[in-house]
Each structure stands twice: as structure tokens, then as C-alpha cells.
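Notes follow once the structure below has been shown.
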Amino acid sequence: MITPQNIFRHEFIGLTVEITDSNHKEFIGIKGKIIDETRNIITIDTSTGEKKIPKKEVIFLFTLPQGEKVSIKGEIIVARPEDRIKKKYKKIR
């Protein structure tokens, strides 16, 4: 089960996400389902098509399967998914 405490150790593909802040204003408000993830990019399937979002540039608001929402700075999750899942993270407060 994905929780706010262990989200870093889970797969993001399939989660619903919204961009809440960015250095690039055109990214703010993009929302949809994550369909792919690479080291630097998350691909989101939106109502207007696929959007490739650079992780480092944005703040993501993930909606977990049970409906809980978690906000994460993209710069924290810049890593290949398989490396991110194995990485140890400091406790988030």
C-alpha cells in the first residue's frame, strides 16, 4: 500500500498527479495520469494529450490510490525509477 511516508519507494506509473508550482508557468495546472517515468522526465496523460514534464522544474501533487494527496518537490525524485525505489530517504515531516 502506498502511503505519504513510503511513496518514494513505489512506482509512480498509474498515479494521478497535478503540477502545483513550477519555474515555467505553462506547466502549472497540468494534471492527469502518469504513464511513463525516466530519470529526469515524467510523462502525464492529460485530457489534451501526453505531456513530458521535467522533474527538476516542478512541484507535484500526487493522489494516492486511497485518495490521499502528497506534494513532492520534483528535484527530490530526480533519479531513474529503479534507483529511486532503492534509495534511502531522510524522514519527511
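Annotations
- FRET efficiency, residue 5 to residue 38 (Cβ-Cβ, R0 25 Å, nearest 0.05): 0.50
- In segment 7-86, lysine pairs with alpha-carbon atoms under 16 angstrom apart (chain gap of 8 or more, or interchain): 16
- Per-residue 3J(HN,Hα) values for segment 41-57, derived from phi via the Karplus relation 6.51 cos²θ - 1.76 cosθ + 1.60 with θ = phi - 60°, read 10, 10, 9, 10, 8, 9, 5, 10, x, 7, 10, 9, 10, x, 4, 4, 8 Hz in sequence order (x marks Gly and Pro).
- Note, ³J(HN,Hα) from phi for segment 68-76, Karplus 6.51, -1.76, 1.60, rounded to Hz, x at Gly and Pro: 5, 10, 9, 9, 9, 5, x, 4, 6
- Taking the Cα atoms of the chain, the ratio Rg/Rh between the radius of gyration and the Kirkwood radius comes to 0.93.
- Karplus-derived HN-Hα couplings along segment 15-28 (A = 6.51, B = -1.76, C = 1.60, θ = phi - 60°), whole Hz, x at Gly and Pro: 7, 8, 9, 9, 8, 9, 7, 6, 5, 9, 4, 5, 7, 5
- Put a dot 7 Å past the Cα of residue 85, heading toward its Cβ, do the same for residue 47, and the two dots end up 3.2 nm apart.
- The distance between label points at residue 26 and residue 64 comes to 3.4 nm (points 7 Å beyond Cα on the Cα→Cβ vector).
- Relative contact order computed over the chain (Cα-Cα under 8 Å; 6+ residues apart), in percent: 28 percent
Laboratory data are not the source of any read-out in this text; all were calculated from the coordinates shown. As the structure is a computational prediction, the values presented were derived from the model and not from experiment. Neighbour counts are summed over all protein chains in view; Cβ atoms, including those assigned to glycine, are modelled from backbone coordinates with ideal geometry.
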